[in-house]
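Structure first, then comments.
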Amino acid sequence: MDDQARAMRVFSGIQPSGGLTLGNYLGALKRFVSLQESGVESIYCIVDLHAITVWQEPGELRFATRQAAAGFMAAGIDPGRSILFNQSQVSAHAELAWLFNCVARMGWLGRMTQFKDKAGKNRENVSVGLFAYPTLMAADILVYHATHVPVGEDQKQHLELAREIAGKFNHDFGVEFFPIIEPVIEGTATRIMSLRDGKVKMSKSDPSDMSRINLTDDADAIARKIRKAKTDPLPLPDSLDGLEDRPEARNLVNIFAALDDRDPGGVTNEYGGKMFSEFKPKLADLAVAKLEPVTSEMNRLMEDPAEIDRTLGQGAKKAAELAEPILAETYGIAGMIRSR
Ligand code: AMP
Ligand code: TRP
């Protein structure tokens, strides 16, 4: 490990609100695994407190939390080397979030596009938690003094807000306590789009199941969804320039590249001039070959939920050991007496 890797601490989170998608796999999990492999200290969290900002049926939340844990491990996160746990087991997150609720300004939160999208015209009736979502996210990261946060493109604005919160806290109390965090949004998979519409992101909450590949889909479902994916009648171009106004085609090229660990340019080089009727079966074969081992390992892990719970408990213990001293110091800076 080089000096830079030693000075880094990575934190990231995934919500257990429904199953994991190909977007989560390529945009998050696969990148988390390469960070772990590069030897950087990494903390990965299944953010159940974030999930409940919109209604979750308790039994489904429990299932989705275990399934997300199985997804992390099946993708290659090793709980012996990285810390893996669910958020609500480490109370420091919620406690620091409260302090940050008193640092962040209403106006900052009101500008968040994710809040505006999720609340829509229903602003008066969404939960207070949905509004305060980004302060909890800032707390998740900063309670570990994490420096680097790998996420997909959609989380960029939340990370900018986390930087603002850290900056205002440091400024208000005249300290240099919280680090300035670096978003890590790189590679071809930072925004995997819906298979039905190249202008909206692939998401677990899209009403159409044909819009996404779930990590629980079997080979037939994957092949069918790729075969039916929206495209255009033109052949693939032989360079990326030819994809500028063809979002659906661009998305399939990106997915191919990300699954195969190569540049999208290499994909258009190889498949330029070919029709989608030829490209899609190749993409389906590739997707099945890469995802099938992950899905079957996830299914195997899900057969023993008690073991998953034990792993999450052990991860939470390690996480709490890192978070608690930082939280205590934060309370001290803010003037809270801690005398027991
Ligand atoms: P979520 O499922 O919303 O909790 O997202 C967990 C992580 O996956 C975040 O880093 C997201 O940015 C990332 N992610 C979710 N959907 C996509 C997508 N369609 N493309 C790329 N990354 C995504
Ligand atoms: N908001 C993120 C999402 O929906 C999940 C998340 C919560 C997160 N806390 C985080 C991501 C801290 C990175 C760091 O995708």
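The values are calculated or read from the model by the stated rules, or taken from the named source; none is laboratory data. All values derive from a computational prediction rather than experimental measurement. A quick note on method: Cβ atoms are made from the backbone with ideal geometry, for glycine too, and the neighbour counts reach across all protein chains shown. The protein model used for the area step is the full one, side chains on, heavy atoms only, and it has no ligands, DNA or RNA in it. Shrake-Rupley method; radii C 1.70, N 1.55, O 1.52, S 1.80 Å.
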task = Determine which aspartates and glutamates satisfy two conditions relative to LYS318: a Cα distance under 16 Å, and not lying fewer than 8 residues away in the same chain.
result = GLU41, ASP78, ASP140, ASP309
Rounded accessible area per residue of the range 139-180, 1.4 Å, Å² = 39 Å²
inquiry  = Can you list which of the DSSP-assigned H helices in the chain have a Cα extent of 15 Å or more along the long axis and an average Kyte-Doolittle score of at least 0.5?
reply    = 128-142, 247-259
query = Given a 1.4 Å probe, how much area per residue of the range 227-340 is accessible, in Å²?
reply = 56 Å²
Dimensionless Rg over Rh [the range 19-151; C-alpha; Kirkwood] = 0.97
query = Under a Cβ-Cβ cut-off of 13 Å, what is the net charge of the residues other than LEU130 that fall near it, where Lys and Arg count +1 and Asp and Glu count -1?
reply = +1
query = So how much slack lies between MET106 and ASP304, counting 0.36 nm per residue of separation and subtracting their Cα-Cα distance, in nm?
reply = 66.9 nm
request  = Considering only GLU186, GLU57, GLU297, give the residue with the highest GNM mean-square fluctuation for the chain, with springs between Cα atoms whenever their separation is below 10 Å.
outcome  = GLU57
request  = Report the local net charge at GLY335: Lys and Arg +1, Asp and Glu -1, summed over other residues whose C-beta lies under 13 Å from its C-beta.
outcome  = -1
Positive-end extreme of charge dipole, the chain - chosen from GLY80, VAL126, GLY174 (charges on Cβ) = VAL126
Chain lengthening between GLU182 and LYS118 when straightened (0.36 nm per residue, less Cα-Cα) = 20.5 nm
query = For the range 243-288, what class follows from the C-alpha gyration tensor (a ≥ b ≥ c being the square roots of its eigenvalues): rounded when a/c is under 1.5, otherwise prolate if a/b is larger than b/c, else oblate?
reply = rounded
remark   = Quick calc, the chain, dipole around Cα centre from Cβ unit charges on Lys, Arg (+) and Asp, Glu (-), nearest 20 debye, gives 780 debye
key: Apportionment of accessible area to carbon and sulfur, the chain, percent (1.4 Å)   = 50 percent
key: Reduced Cα scattering model of the range 71-133, Debye log10 I(q)/I(0), q = 0.20, 0.28, 0.30 Å⁻¹   = -0.88, -1.13, -1.22
ask   = So, counting K/R as plus one and D/E as minus one, what does the shell of residues with Cβ under 15 Å around ASP241 add up to?
value = -2
query = For the range 190-340, what is the charge dipole size about the Cα centre, in debye to the nearest 20, if Lys and Arg each add +1 at the Cβ and Asp and Glu each add -1 at the Cβ?
reply = 440 debye
request  = Can you run the Rg to Rh ratio on the range 256-334? Use alpha carbon positions and the Kirkwood inverse-distance Rh.
outcome  = 1.32
note = Over all pairs of different Cα atoms in the chain, the reciprocal of the mean inverse distance gives a Kirkwood radius in Å of 21.2 Å
request  = Return the lysines within reach of LYS282: Cα separation strictly under 29 angstrom, same-chain partners fewer than 8 residues apart disregarded; answer none if there are no such residues.
outcome  = LYS30, LYS199, LYS201, LYS204, LYS225, LYS228, LYS230, LYS274, LYS290
message = Largest first and in whole Å, what are the equivalent-ellipsoid semi-axes of the range 135-258 based on the Cα gyration tensor, each being the root of 5 times an eigenvalue?
response = 38, 17, 11
task = Sort the range 110-207 into rounded, prolate or oblate with this rule: let a ≥ b ≥ c be the square roots of the eigenvalues of the Cα gyration tensor; rounded if a/c is under 1.5, and if a/c is not under 1.5, prolate when a/b is larger than b/c, oblate otherwise.
result = oblate
query = In nm, what is the difference between 0.36 nm times the number of residues separating SER34 and MET336 and their Cα-Cα distance?
reply = 104.7 nm
